[in-house]
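Below you'll find the structure, written out as C-alpha cells, and then a few comments.
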Amino acid sequence: MALLDTLLLALKTTFVSGLVLASLYVLMASGLALVWNTLGIFNFTHGAIMAAAAYVAWQISDPKGYGLGLAAGIVGALIASGVMGLVINRLLIAPFLNQKNVVLIAVMTTLSGAFFIENSALLIWGPRIKQLEKVVDGNLRVAGTVISGHEVVIIVIAPLLMLGLWAFLKFTWTGRAIRAVAQNREFAELSGIDVRRMYAVAFATAAMLAGFAGIMLGAIRFITPGLGAEPLLKALIVVILGGLGSIPGTILGAYVVGFSEALSTYYIGAYWTQAVLFLIFIAILLIRPSGLLGKD
Amino acid sequence: MGDVTLDVSGLVSGYGRMPVLHGVDMTITASDKPGLIGPNGHGKTTFFRTISGLNRAWEGTVRFMGEDITNRPAAQIMRLGLVHAPQGNTLFREMSVEENLLLGGFAPRARAVHKTTLEQVFELFPRLAERRRQSARTLSGGERQMVAISCGLMALPKLLVLDEPTLGLSPKLKMELRDAIAKIVESGVQTMIVEQDPEFLSTLTTRLFFMSEGRIEADIGDGQSLEHSRIREMYFGVA
C-alpha cells in the first residue's frame, strides 16, 4: 500500500510540475509560432524581449525602482514589449522582407538584435540579479502536492490567453487579415490588406506574449539579461515539435515537452533531462517530419 | 463615349530582366464592356498584375478614374476600385468560403456594407452559400473560380478584372459561369474579362482587345462585328 501511495504521489507531483512547465512553454512558444506563421521567419529576439520585459516590470514595480506596484509593472512591461516588437520589426525585419533569402537574413539581424537588447539590459540594470514579486502570494495544496499561487495563475492564464489569441485570429477583421497574409500574401494585397501593417501587428502581439512570459518567469527565476535564452531554445523545440505553421500544434507541443521534462526530471534526473527531450524531439520528427500537427 | 475608366499608355514590365510587356496602350471608357484575348504567354496576366500593383511598371503610366496609379501598392489601387480577381487557384486555401469572401470585402468602404454584398453574392452563386463553412482547399475548380469572382465583388469594384475565369473548366460549368458573369455585367459593374476563347467573350463584351507578344495588336470596338476570320487571322496569321 505504501508503495502505491508513493507512486501515486510521484505521479501527481510530476503532473503538477509538468503542467506548470507546459503552461510556461505555451506562453513562450506561441509568440514565436505566430511570427513564424505570419512572416515566415524565426525571431531570435524573442528571448531577449522576455528578459527586457521582466526588467521593465521590475523597474516600475520594485521599491528599488519606481515602486509603483506589480500591476503597474505588468501593464507597463506589456506596453514596452509591444513597442519593442514594433521597433524590432521596423528595423530588423521590414527592410529585408522583399529579399529572396529573408529567412537567413532575419536569423542574422534578430540574433544581433538579441545581443544588443541583452547587453543594453546589462548596461542599464547591472549584473546584480533581481526578482519580481509573485502575482499571488502563498501556496496551495492540490492533490497532495504543494504548488505556489503564482504557478496556479500561470496554469490558468496560459490556456485563456491561447483562447483569446484564437478568437482574435478567428473572429476579428485584423485577425483574419493576419491569417490571410500568412496564407497568400499576393491575394491579401489584392484584397486591400496592408501586408506590412499586418506583419507589424502580428509581431507586436508576439512580442507582448513574449513579454508576458518574461514577467511570469521573472518571479520564479532570477532576472538576468540571459533570462530568455533557455526559454527561447525550449520554444524553438516546442514550435518545431508541434509543427511549423500550426498554433494548435505549438500548444500541443508545449504540453508534450512540459510533461516529458517533468517525468524525466523525476525518474531519470535533471542532468539527463535535456538529452531525453532531444531524444523525444528527434524520435517524433523521424516519425512525423513536419511535426505533430504540421502540414506537409 | 463617357468618362475614361482606365487609361494605360506605353506600359513596359516583365520578370527579372526579361520584358514581357513591350508598351501596352489601352483606353477604356465607362460605357465599354471590355474583353481581352490572346494566346498563352503573351502577357495578359502580366498586364493585369502590373496595373493592379503586383508587378512594377518599368515604363509607362496607368491612370484609373483620372488618377495616376502607376506603381502604387496593390492594396491602395484596390481600394480605389480597380479590383483584380486572379485565377481561381489563388485563394486563402486554409480558410472557409465565407472567410475568403469576408476578406474580399476587407477594405473599409466595402466592409461597411459587407452583409448586404454577401447576400447578393450568395444569390448569384447559391452553391457558395451551401459551402460557406467548407475550406477553400476542398472546393472544385469551378467553385474556386466562383469564390475568386465573388471575392472581387465583395470589394465593390468600379472596374472588376477577371483573369481567365473559366480556365480548365468543363463546357457546362463554363456556361454556368458565363451566365453569372452576364448578370454581374448587367448589374452595372464594369467588368474586364480575359479569355482565350473569343466565343465566350462575344456575348459579354462590346469591345475586344487582342494581346500578342506584349502589345495590343487589335482593338475591336462597338458596332464592329467580331468575325471568325479576323480571329483566325490573329491567331494563325492566315485569313
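Write out the chymotrypsin sites (Phe, Trp or Tyr not before Pro) in the range A:1-87 meeting two conditions: DSSP loop, and at most 16 other Cβ atoms within 10 Å of their Cβ. Could you put the intermediate results ahead of the total?
Details: sites: A:15, A:25, A:36, A:42, A:44, A:55, A:58, A:66; in loops: A:42, A:44, A:66.
Answer by residue number: A:66.
Suppose R0 equals 56 Å. What FRET efficiency, 1/(1 + (r/R0)^6) with r the Cβ-Cβ distance, do residue B:135 and residue B:17 give to the nearest 0.05? Write down the numbers at each step before the final one.
Values: r = 39 Å, r/R0 = 0.70.
With a Förster radius of 56 Å, E is 0.90.
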Relative contact order [Cα under 8 Å, 6+ residues apart], the range A:40-166, whole percent: 26 percent
Estimated vicinal HN-Hα couplings, Hz - the range B:22-38 in sequence order (Karplus 6.51, -1.76, 1.60; Gly, Pro = x): 10, x, 8, 10, 7, 10, 10, 9, 4, 8, 6, 10, x, x, 10, 10, x
FRET efficiency for residue A:270 and residue B:87, using Cβ-Cβ distance with R0 set to 41 Å, rounded to 0.05: 0.15
Residues in the range B:141-160 reached by a label modelled at residue B:175 [backbone nitrogen below 18 Å; 7 Å Cα→Cβ]: B:142-143
The range B:4-219 - share of DSSP beta bridges that are antiparallel (%, nearest 5): 55 percent
Phi-based couplings in Hz for the range B:190-200 (Karplus 6.51, -1.76, 1.60; Gly and Pro marked x): 5, 10, 9, 10, 9, 8, 9, 9, x, 5, 4
The range A:18-43-the range B:154-182 distance, computed between alpha-carbon centres (Å): 42 Å
Reachable aspartates and glutamates from residue A:64, criterion Cα separation under 18 angstrom, eight or more residues apart if same chain: A:133
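Using the membrane-span-like helix rule (whole DSSP H runs, Cα extent along the own axis of at least 18 Å, mean Kyte-Doolittle hydropathy at least -1.0), which helices of chain B qualify? Could you put the intermediate results ahead of the total?
On the way: long enough: B:141-154 (20 Å, 0.51); B:171-186 (22 Å, -0.12).
Qualifying helices, which must be both long enough and hydrophobic enough, are B:141-154, B:171-186.
Counting DSSP beta bridges in the protein assembly as shown, what percent are antiparallel, to the nearest 5?
Values: 27 of 43 bridges.
Beta bridges within the protein assembly as shown, antiparallel portion: roughly 65 percent.
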Computed over chain B: relative contact order in percent, which uses C-alpha pairs under 8 Å that are six or more apart: 25 percent
Spatially proximal aspartates and glutamates relative to residue A:12 (Cα-Cα < 16 Å; intrachain offsets below 8 disregarded): A:151, A:261
Amide H partners (placed H, <5 Å) of residue A:66, local residues excluded: A:60, A:61
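Rule-based calculations on the coordinates, nothing more; no lab input. Please read these numbers as outputs of a predicted model, since none were measured by experiment. Every residue, glycine as well, gets a Cβ built from its backbone with ideal geometry; the counts of neighbours run over all protein chains shown.
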